[in-house]
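Engineer: My questions all concern the structure below.
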Amino acid sequence: MRAIFVLIKCDMGVAYRVAREMADNIEELSEMHSISGTYDLLGKFYLPPEEDVGQFVVERVQTVPGVRDTLTMLTFNAFIPGRG
């Protein structure tokens, strides 16, 4: 599994609704955080290596009602305390 992070900008007043919808319906979602700044939410998703990241974001994340914009970040390596 590989992690991707998706910053999500929502329509006004619906960020928590969007977060709950994703938490209930997207099994690849590991964590969803409400954040401040340009984006409203930060989602951490785990995808199988063969899954197309672009297709996942376009078809599963961007289609949730209330999502206005996304920014996807791919990860290379996770550094865990005590395991370098």
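Engineer: Neighbouring Cβ atoms within 10 Å as the yardstick, rank PHE79, PHE56, PHE45 fewest first.
Structural biologist: Ascending Cβ contact count within 10 Å gives the list PHE79, PHE56, PHE45.
Engineer: Kindly express, to the nearest 10 degrees and within the range 0 to 90, the angle between helix 15-25's C-alpha long axis and the longest C-alpha principal axis of the chain.
Structural biologist: 60
Engineer: Hey, could you get me the Stokes-Einstein D for the chain, Kirkwood radius over alpha-carbon pairs, 10 °C and 1.306 mPa s, rounded to whole µm² s⁻¹?
Structural biologist: On the way: Rh = 13.3 Å.
Once the numbers are plugged in, D ends up at 120 µm²/s.
Engineer: Could you tell me the calculated FRET efficiency between ARG83 and ARG17, based on Cβ-Cβ distance and R0 = 35 angstrom, to the nearest 0.05?
Structural biologist: 0.40
Engineer: Suppose each label sits 7 Å from its Cα in the direction of the beta carbon; what would the ILE35-ASP69 distance come out to in nanometres?
Structural biologist: Rounded to a tenth, the inter-label distance reads 1.4 nm.
Engineer: Let me ask something additional. Take every Cα pair under 8 Å in the chain that's 6+ residues apart, average their separations, divide by the length, and report that relative contact order as a whole percent.
Structural biologist: 44
No lab work stands behind these numbers, since they all come straight from the coordinates. Computed from a predicted structure; not experimentally measured. Glycine gets a Cβ as well: all are built from the backbone with ideal geometry, and neighbour counts include every protein chain shown.
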